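Just so it is clear, none of the values below were taken in a lab; they were calculated from the coordinates. The model shown is predicted, which means the values in this text are computed figures rather than measured ones. Quick reminder, even Gly has a Cβ in these numbers, built from the backbone with ideal geometry, and neighbours come from all protein chains shown.
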Amino acid sequence: MLQTMRDNAQGIIAKIIVGFIIIVFALFGVESIVSMGGGEQPTAKVGDLEISEVDIARVIEQQKANLRRQFGEQFDESLFSEELLRSSAIEQLIQQNVAIVQADALGLYASTDQIDEMILTIPAFQLDGKFSKEQFTSILRLNGWSPMSFRESLAQDIKVNQVQLALSLSEYPSDYSVRLNEVLSQEKRAFSYAEISFEGLQESVEVSDEDIQTYYEDNSQRFQSPETVTVKYVELSREQLADQVDVLDEDIEAAYAEYVDSLAEKEERQASHILVEINDERSEEQARAAIQELAAKLSAGEDFAELARQSDDIGTQNTGGDLGFVGRGIFDPAFEKALYSLEKGQVSDPVRTEFGFHLIKVTNVRGEQPGSMEEQRVALEAEVRNGKAAALLAEQIQELSNIAFSASSIEEVADSFGLKVQTSDPFTRNGGAGLAESGSVRVAAFADNVLLDGELSEVVEVDDTAYVMAVAEHKTPETLPLTAVRAGIESALKQEKAAEQARKTALAVAKGEASLTEGTEWKAVELVHAENGDVPRSVKAKAFAMKADESDIVDVSGGVAIVKLKSIDVPAIDTVELDEDERGQLATLKGRSQLASYAKWAQEATEVERTGSGS
């Protein structure tokens, strides 16, 4: 239940945010969310709305979380600089606020009833299909929202959505437009086509030595060897250090205690409760008296589920007060403390929370039972060893960094730590094998101070391993000798000349000045719709763009095609029935055009002030 509630909680908050971003996508495009500009970015002001550093930090964290979800274990945070993420966050916030400012300028607003209705229908705030105020408050607290700030966010969402909806519905297609679109969709064409393959002509094409030499000289930049670097390096890993640490009995005992505590933290309890609210109609003293009266009835033997029908939590009145299975961190601290102090079947004394007074009953308990220390010893020892090795690695990385800074050679660093100097395979700025699979390693190896000045690299951490590198060999790009690329040039020239010859022949056939060569034949295509027919896409597109009885050529995969249009079959516009689905699709397309125009205008019409340097 805990995980479900947390997932629901985070999911619904994410959906509110994502819902707003989707609207901004529609209004301003993908560039509004992902801006790849670099450099330090200032805080900005859009109209009267200020973008604070807190706002920027929040969006940056959202971006990092999204990247982690997208790339999983392959996510390398070092490849996404803070400047880059900051730039993206500011652009996102600017475009969101532009949408809000323009919605306000249009006099749009979200009524209290609209906001209430949306909140009441959000599934994550419901228990057994009904809104639960306690669930609502708990979920907001879990995600760092107050009820007021969440309502304000929903209000902004509703206002901006009104703009999108109004624009998308502003273009209502006429009957003529709908019929014309249907006529075009029902159009059929009959045509013939023949394909001339480039490959079939290459054998007859001759390429001279002069042609090859000229091509080589004119395209020398295409025949450059890649820039590569080979490094000497030392590596220090947690795995290396694991054999150097001692694991004592007291370490195992401490780890076992943490293991037992962690299982207790994961324990879930099925709870039922009876709530007496403190509100405008009931003072705290009155609520306390009411809950004490209910407690007395329980002590006298009355049924908890029956008494729960009197609970002020309307979401659980008819289910015996059942809240389902919950874990720690969901409810009010006082509620949670009481819940986890009870044995199965016990009922608490009255508990005061911000909602009022509760009687809490534990109806079930579930969770993994801890194995004995001896049963867990192997796993615990590995955990302790890895933990100690990780701590030792962190210490030695700092020492490694200090030594690398002052050392004159990679060998000196290796001697200081008793490490072996290794040599990598050559790698480029864009990829390599072994340690060069890491982008961080490649960036460090190609840094100017390492590559050009001969300095040792900074310590580069990749997972549980640290590297220090020195350049062993640096190869700059050079023009490859003609002998190394001659075969490729000859092949390219043959393809080029074959294509030129094929197009010339095809054009002559299309004009009626020549006939198809032996082995090439016409393929007839009877009346087909634009989206139907087993025909190369480019051929069909050409056929539906030509006039009747016209011939033309078009490139196809590996060759060129001659296309001859035979006939066009279209229904008369006055015979086509109106299709309301078609009208809706046309309205959507026109609405998108309106949205694009509005977005451009909104960005130009809204005053954006950047309060720092940069843009």
Burial ranking of peptide ranges 46-56, 513-523 (average Cβ count within 10 Å, highest at the top): 46-56, 513-523
Residue-by-residue Karplus 3J(HN,Hα) for segment 463-477, coefficients 6.51, -1.76, 1.60, Hz, glycine and proline x: 6, 9, 9, 10, 10, 10, 10, 9, 6, 9, 7, 10, 10, 7, x
Gln286 paired with Ser197, simple spin-label distance in nm, labels 7 Å along Cα-to-beta-carbon: 9.2
Hypothetical label at Lys45: residues of segment 95-124 whose amide nitrogen lies under 19 Å (7 Å Cα-Cβ projection): 95-102, 104-105
Cα shape, segment 314-454, gyration tensor, a/c 1.5 rule: prolate
Dipole axis of segment 496-572 (+1 Lys, Arg; -1 Asp, Glu on Cβ), positive-most option in Ser567, Ala508, Ser557: Ala508
In segment 324-365, the GluC sites (Glu not before Pro) that fall in loop regions by DSSP, at most 11 other Cβ within 10 Å: Glu343, Glu354
Share of pairwise Cα separations in segment 268-366, more than 18 Å, in percent: 41
Two-site label geometry, Val365 and Arg328: point separation in nm, points 7 Å out along Cα→Cβ: 1.4
Contour minus Cα-Cα distance for Asp349 and Ser538 (0.36 nm per residue): 60.2 nm
Cα centre as origin, Lys/Arg/Asp/Glu Cβ charges: segment 186-278 dipole, Debye: 640
Proximal lysines to Lys542, defined as alpha-carbon separation beneath 23 angstrom and excluding residues fewer than eight positions away on the same chain: Lys188, Lys504, Lys511, Lys523, Lys564, Lys566
Relative packing of 438-445, 66-73, 198-205, which averages over residues the other C-beta atoms within 10 Å, highest first: 438-445, 198-205, 66-73
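With the Cα gyration tensor of segment 315-362 giving a ≥ b ≥ c as the square roots of its eigenvalues, does the rule (a/c under 1.5 for rounded; else a/b larger than b/c for prolate; else oblate) give rounded, prolate or oblate?
Numbers: a/c = 1.25, a/b = 1.10, b/c = 1.13.
Note, shape of segment 315-362 comes out rounded.
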Full-stretch length increase - Asp549, Leu108 - with 0.36 nm per residue and alpha-carbon distance subtracted: 153.1 nm
Arg58-Leu342 FRET efficiency (beta carbon distance; Förster radius 45 Å; 0.05 resolution): 0.75
Cα-projected label distance for Ala65 with Asp425, points at 7 Å along beta-carbon direction, nm: 4.0
Additional length obtainable on full extension of the chain from Glu227 to Ala379, 0.36 nm per residue less Cα span: 50.0 nm
Rounded if a/c under 1.5, otherwise prolate or oblate - segment 82-139, Cα gyration tensor axes: oblate
Ordering of 556-564, 256-264 by burial proxy (mean other Cβ atoms within 10 Å per residue, highest first): 556-564, 256-264
